[in-house]
Every structure is written in structure tokens, then in C-alpha cells.
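Working notes, structure below.
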Amino acid sequence: MLKTNLQNSIDFKGQKFYVGLDVHKKSWAVTIRSKGIQIAHFTQPPGVDALARYLKKNFPGGTYYSAYEAGFCGTGIHEQLCGSGVNNIMIHAADIPATDKQKKNKTDLHDSRVIA
């Protein structure tokens, strides 16, 4: 029987992943981009642990950058993201550019996409 030394794991070492978050008390809208394209777009229950597990499972070895709007949740999420290996920034909602159409059709998933 022939044996090979093929590696079955994928390594994203050195690749940057940008995560846009629209955080709320009951759910988070998440958009992940890399190399100029959107690679994931979903809603998840709130929690840093679930997001960090998803990133490390699906994009192992990558460098993760995230951002979310400063708001009701304060800095707790920021501190947890940084503690889990995700480079995070908090941004002011007024600093996010938006067209008139985006302002009128505002959804959590749209917001996370713009933030990413």
C-alpha cells in the first residue's frame, strides 16, 4: 500500500482577515473579508468565544482584525476580542460612510458589511 505525506490541514499563516461586527444584545451580524473579497456573512448569537472559535477553525493561522460600532455595550467586547487574539477597534457610527440608499435600507448585515 502506498503512503503519502500529504497534509490535510489548511494554513492561512500571514493572511489578514477583516471582520465587521454589528453587535446587539441578542445577536451579532458578522461579515468577514480577505484579499478584497467577502468570504463569510452570517448572524450568530452574541459572544466573543463563538466568533474566535469560528475564525480559528475556518481560517487557522490567519491574522484577524475586527471593528464594531461603539455603543451600548461599552468596551467589554473590545477587551474580550483583544484577549482572544483578535485585533479590534471600536469606531464611531458617524465615521462610517454611507450612501442615501444605505441609510434608508439599514440592516444589521449591511452595517457589518460596511464596517468590514
Log entry, pairs with first residue in segment 1-23 being on the phi < 0 side of the Ramachandran plot and of a type in the set (D, E, K, R), second being modelled with pLDDT of 90 or more and assigned to a loop (DSSP other than H, G, I, E, B), beta carbons closer than 6 Å, six or more apart or on different chains, reads ASP11/GLY61; LYS13/GLY61
Residue pairs within 6 Å by beta carbon, gap of at least six or interchain, first lying in segment 54-76 and at positive phi, second open to solvent by 40 Å² or more (accessible area, probe 1.4 Å), listed first then second, are GLY61/ASP11; GLY61/PHE12; GLY61/LYS13
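To keep it simple, each residue is scored yes or no on (1) more than 20 Å from ASP108 (Cα to Cα); (2) at pLDDT 95 or above; (3) among the basic types (Lys, Arg).
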position	(1), (2), (3)
LYS3	yes, no, yes
GLN7	yes, no, no
ILE10	yes, no, no
LYS13	yes, no, yes
VAL30	no, yes, no
ILE37	no, yes, no
GLY47	no, no, no
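The values are calculated or read from the model by the stated rules, or taken from the named source; none is laboratory data. Every value quoted in this text rests on a predicted model; they were computed, and no experiment measured them. Cβ: placed from backbone, ideal geometry, glycine included. Neighbour counts: every protein chain shown. We work out accessible area using only protein heavy atoms, side chains counted, and drop any ligands, DNA or RNA first. Shrake-Rupley method; radii C 1.70, N 1.55, O 1.52, S 1.80 Å.
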